[in-house]
1. Pick out which of ARG38, ARG209, ARG114 has the largest mean-square fluctuation in a Gaussian network model of the chain, springs linking Cα atoms closer than 10 Å.
2. List the relative contact order of the chain as a percent without decimals, with contacts defined as Cα pairs under 8 Å and 6+ residues apart.
3. Hey, if you put +1 on the Cβ of every Lys and Arg and -1 on every Asp and Glu Cβ in the stretch 103-202, which of VAL176, ASN143, THR200 ends up farthest toward the positive end of that dipole?
4. For the stretch 1-101, state what percent of all Cα-Cα pairs lands in each successive 5 Å bin, counting from 0 Å until the bin that includes the largest distance.
5. What span do the alpha-carbon atoms of the stretch 117-156 cover on each of the three principal axes, reported in whole Å from largest to smallest?
6. Counting helices only, and only those DSSP H runs with n ≥ 4, report the 222 nm mean residue ellipticity of the chain as the sum of -39,500 (n - 2.57) divided by its residues, in deg cm²/dmol to the nearest 500.
7. Ordering LYS92, LYS24, LYS169 by how much accessible area each has at a 1.4 Å probe, largest first, what is the list?
8. What's the carbon and sulfur percent of the chain's accessible surface, probe 1.4 angstrom, rounded to a whole number?
Amino acid sequence: MARKIAILGGTGAEGSGLAFRMAKAGEHVLIGSREAARAQGAAKVLSERIGGAARIEGLDNASAAAACDVAVLTVPFSGVVALLKQLKTVWKPGTVVIDTTVPLAATVGGAATRMLGVWQGSAAEQTKELLPASVSLAAAFQNLGAEVLASENPVDCDVLVCSDDENAKQVASELVGKIPGARALNGGKLENARIVESLTALLIGLNMRYKVHGAGIRFTGLPVK
């Protein structure tokens, strides 16, 4: 049976972009949202865009989490705690969760470029505390922008994958490989997510200063896969 990948918060820009890339790569995608009808509408739009045998369903977040094998967390950081508390009892043992969230805040009238202090050290480490022990976690995709993901073009970005669980790290890295141009790199332990998350604020600033939308990161001197 093919695995199901839930994109929680999948009607937002980042979630929609990841849903598009995963479905285009042939994965069975469940778009999750607070409202099932909104998720169903987003699934319909993506299905029409991709065409062919795209497998995309729209569900509320809880139903998507309960049905999936892999969940990608793309809700805004401010909504993560409430969502994960809601989902605490619905996860299947063995589910892999991939956290893409970044604790960013905006100054008055400005863009979200200021990192918030998280007591646990990073958004991913906070998520870890809110998941059951039977669910594994990886942090990834924080540095891939929504506009880049929503396009048809290959991306120009390395994706650092951080986790204390080797299976979760492998699953996340495999999903990175579904996106043309993206390269998954082993970012080490989950605690390193605090470094990766901070790079997002830097990239947003670069996009603004250079008036672009697709600034990414590349690491040199590494074996090319």
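1. Looking only at ARG38, ARG209, ARG114, the biggest GNM fluctuation is shown by ARG209.
2. On the way: 493 pairs, mean separation 39.7, N = 225.
Relative CO of the chain lands at 18 percent.
3. THR200
4. With 5 Å bins starting at 0, P(r) equals 3, 16, 28, 27, 17, 7, 2, 0.
5. 37, 27, 13
6. Details: 8 runs with 84 residues, N = 225.
The helix contribution divided over the chain gives -11000 deg cm²/dmol.
7. On the way: LYS92 75, LYS24 110, LYS169 20 Å².
Sorted descending by solvent-accessible area, the residues read LYS24, LYS92, LYS169.
8. On the way: 5930 of 10710 Å².
Carbon and sulfur: 55 percent of the exposed surface of the chain.
The values are calculated or read from the model by the stated rules, or taken from the named source; none is laboratory data. Treat the numbers as computed from the prediction; the structure is a model and nothing was measured. Neighbour counts run over all protein chains shown; Cβ positions are idealised from the backbone, glycine included. The area values use the complete protein model at the heavy-atom level, side chains included, leaving out ligands, DNA and RNA. Shrake-Rupley method; radii C 1.70, N 1.55, O 1.52, S 1.80 Å.
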